[in-house]
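Asker: Let me give you the structure first, and then I'll get to my questions.
The values are calculated or read from the model by the stated rules, or taken from the named source; none is laboratory data. Here the structure is a predicted model, which means the values were calculated and not measured. In this analysis, Cβ positions are derived from the backbone assuming ideal geometry, glycine residues included, and neighbour counts consider all displayed protein chains. Surface accessibility is based on the protein's heavy atoms, side chains included, excluding ligands, DNA and RNA. Shrake-Rupley method; radii C 1.70, N 1.55, O 1.52, S 1.80 Å.
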Amino acid sequence: MIRVAAVGDIHMGSDSQGLLRPAFETLPECADLLLLAGDLTRHGTPEEMRVVAREVRDLAVPVVAVLGNHDHHDERPEEVIAILREAGVRVLEGESTVVECAGVRVGVAGTKGFGGGFVGRSAGEFGEPLMKEFVRATRRSADSLGAALKDLHGLGCDVRVALTHYSPVADTLAGEPPEIHPFLGSYLLAEAIDTAGADLAVHGHAHLGTEHGMTTGGVRVRNVAQPVIRRAFNVYRLHAREAGTGEPGAGAAACPGAADARQGMRARA
C-alpha cells in the first residue's frame, strides 16, 4: 500500500514561515511522498517561494509539485521553479517523475492545467484569436499531461498519479458558483487522464469546492485545496498490485499535527 499525502493552495507569504513545517515533519509516520497541487504562494514572488522552500527542504519523504495561477502572478515562473528545485522539490509542467517507495514505483505526471469548462458548458476554439488561444493553452496542457502519464506506463510504474492545479472534473467544484466553473478547470484534463490511465488525480484551485470526484472513466479525483480539506494535508492510500481497485483514503491517516497547522494558518490569515 502506498500512502500519498497531498495539499494545494497553501498561499504562503512572508508571515507564513514555520507554519506548516511541524506538520510536514510528521509525514514519515503516515505517508510515502508529498504532492503540492499549486498556489503555493500568494503572488508568485521569489521571496514567497523561498518561504515555501524552507518549509519543505530536507523532508524525509520526496516532494513533487506543480505551480498554480498565483505562482505565475509575478511572471517569474522559471525563477520560482528554480527555488523549489534547489530545495529538492521535483517540479513538473507536462513532465513525469518516478518515486521509489518501499520497493514500489510510484509515477507522478504533472501540469498546472488551465480553464475552459466542462462537457456541455465549455469554451471552443472558435472566434477571436484570444479565445482560440485560451482553449489551445488548455489543450496543450492536457496533451502534455496525457503524454507524461503514457511515459509512466512505459516505465512500468506500479501506481500512477495525475497532479494538476486546475480541476479535471466538475464534481469537485460543487460549492463554487457555476458562473466561474470555466475558470476552475477543463474536461480536457480528464480526457487525458482517462485516455492514458491513472490511479488517482489530485488538484487544488477550487477553494469552495468538494473533495471527492471521479472522471467519466472511473479515475478517482481529489480536490486537496487547503480551504477544502482544512488541514495541512490529506493522505490517500493506493494499492500497488490492484491500483485500479484500491480505494484511496479520505484523510483518515492524517499525521499528528496536520490539523493543528491548519488552525494556525486560519489564525494568521
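Asker: Using 0.36 nm per residue of separation minus the Cα-Cα distance, give me the extension gain between ASP143 and HIS43 in nm, one decimal. Write down the numbers at each step before the final one.
Answerer: On the way: separation 100, 0.36 × 100 = 36.00 nm, distance 2.72 nm.
Length gained between ASP143 and HIS43: 33.3 nm.
Asker: Next up: Kindly provide the GluC sites (Glu not before Pro) of segment 35-106 that DSSP labels as loop, not H, G, I, E or B, and whose Cβ sees at most 10 other Cβ atoms within 10 Å. Provide the component values of the computation, followed by the final result.
Answerer: Details: sites: GLU47, GLU48, GLU55, GLU75, GLU78, GLU79, GLU86, GLU93, GLU95, GLU100; in loops: GLU75, GLU93.
Sites meeting the loop and neighbour criteria: GLU75.
Asker: Okay, moving on. Can you sort HIS73, HIS43, HIS205 by solvent-accessible area, 1.4 Å probe, largest first?
Answerer: Accessible-area ranking of HIS73, HIS43, HIS205, largest first: HIS73, HIS43, HIS205.
Asker: Please state the shape class of segment 142-194: rounded when a/c is under 1.5, otherwise prolate if a/b exceeds b/c and oblate if not, all from the C-alpha gyration tensor. Walk me through the intermediate numbers first.
Answerer: Numbers: a/c = 3.76, a/b = 2.53, b/c = 1.48.
It comes out prolate by the Cα gyration axes.
Asker: Next up: Pick out, from PRO227, VAL89, GLY116, the residue whose Cα sits farthest towards the positive end of the charge dipole of the chain, with +1 on the Cβ of Lys and Arg and -1 on the Cβ of Asp and Glu.
Answerer: The residue sitting most towards the positive pole is PRO227.
Asker: Further, regarding this structure: Please give me, ordered by residue number, the chymotrypsin sites (Phe, Trp or Tyr not before Pro) of segment 18-120 that lie in loop per DSSP and have at most 15 other Cβ atoms within 10 Å. Write out the running numbers ahead of the final one.
Answerer: Working: sites: PHE24, PHE114, PHE118; in loops: PHE114.
Here no chymotrypsin sites (Phe, Trp or Tyr not before Pro) fit, given the DSSP loop and packing criteria.
Asker: Moving on. Quote the relative contact order of segment 182-233 in percent (integer), defining contacts as alpha-carbon pairs under 8 Å separated by 6+ residues.
Answerer: On the way: 69 pairs, mean separation 17.1, N = 52.
Computed over segment 182-233, the figure is 33 percent.
Asker: Let me ask another. Which value, in Å², gives the accessible area per residue of segment 149-209 when a 1.4 Å probe is used on the protein heavy atoms? Don't skip to the end; give the middle numbers.
Answerer: Values: 2180 Å² over 61 residues.
Per residue, segment 149-209 has an accessible area of 36 Å².
Asker: What accessible area per residue comes out for segment 37-101, rounded to a whole number of Å², with a 1.4 Å probe? Present the calculation step by step, with values, prior to reporting the outcome.
Answerer: Numbers: 2760 Å² over 65 residues.
That works out to 42 Å² per residue.
Asker: What do you get for Rg/Rh over segment 74-141 if you use C-alpha atoms and the Kirkwood form of Rh?
Answerer: Numbers: Rg = 16.6 Å, Rh = 14.7 Å.
Rg/Rh: 1.13.
Asker: Around ALA162, what is the net charge, scoring Lys/Arg as +1 and Asp/Glu as -1 over all other residues with Cβ under 11 Å from its Cβ? Write out the running numbers ahead of the final one.
Answerer: On the way: positive: ARG160, ARG220, ARG222; negative: ASP194, ASP199.
Summing Lys and Arg as +1 and Asp and Glu as -1 gives +1.
Asker: Roll a 1.4 angstrom probe over the protein heavy atoms and tell me the percent of accessible area of the chain that is carbon or sulfur.
Answerer: Details: 5760 of 11130 Å².
Of all accessible area on the chain, carbon and sulfur atoms account for 52 percent.
Asker: Sum up the charges of everything whose Cβ sits under 14 Å from the Cβ of THR195, counting Lys and Arg as +1 and Asp and Glu as -1, but leave THR195 out.
Answerer: Working: positive: ARG139, LYS150, ARG160; negative: ASP143, ASP151, GLU191, ASP194.
Residues near THR195 contribute -1 overall.
Asker: If you don't mind, another one. Can you give the extra length, in nm with one decimal, that the chain gains between MET131 and THR210 once fully stretched, where that is 0.36 nm per residue apart less the Cα-Cα distance?
Answerer: On the way: separation 79, 0.36 × 79 = 28.44 nm, distance 2.85 nm.
Taking 0.36 nm per residue and subtracting the Cα distance, the gain is 25.6 nm.
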